[in-house]
Each structure stands twice: as C-alpha cells, then as structure tokens.
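We did not get these values from a lab; they are worked out from the coordinates using the rules stated. Note that the structure is a prediction, hence the values are computed from the model and not measured. Neighbour counts run over all protein chains shown; Cβ positions are idealised from the backbone, glycine included.
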Amino acid sequence: MYGISLTDAVSPRFWRDNFRYAVIILAIFGAIITPDGSGVTMWFVAGPMLALYVAGMLIVERRATKTNT
C-alpha cells in the first residue's frame, strides 16, 4: 500500500473509499483457507489482515498529510 501510494499510482483516499470491499475480500479469503466451517476461525484469519489494512491506510494517509503541509 505504501509503495503504490508513494508512486502516486493510487491516491491515499482510494484505500479508505474501498475499505468495505477489502473487508468482504478478506472475509472470503479467510473462509476459503480455514479448514472447518466455523466463522470464528475465519475471523481469526481475516482479523489480523484487516488490522494490517487499517494500519497501512493510516500510514499512507499520515504520509500524504505531511507532504501536503
């Protein structure tokens, strides 16, 4: 996320605007790779990936505000 935003190929606003799609995609990915049918283990997989997405989004936005000021 940081590298793509650093090259200005994607604006920092893109990551926030498409957060809902990231949640859906990561939940589906978590459901596919977990071996059982429990929703709990799906979220144990998807949760850390969502946390990394949010952290990356905040870092990219912070970088954008520092370069604009």
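Ranked by Cβ crowding within 10 angstrom, fewest neighbours first, how are Met1, Met42 ordered?
In order of increasing Cβ crowding within 10 Å: Met1, Met42.
Put +1 on the Cβ of each Lys and Arg and -1 on the Cβ of each Asp and Glu in the chain; which of Met49, Ile32, Ile59 then has its Cα farthest toward the positive end of the dipole?
Comparing the listed Cα positions along the dipole, Ile59 ranks first.
With everything on Cα atoms, drop me the angle between helix 39-68 and the longest principal axis of the chain, reported from 0 to 90° to the nearest 10.
Between helix and principal axis, roughly 0 degrees.
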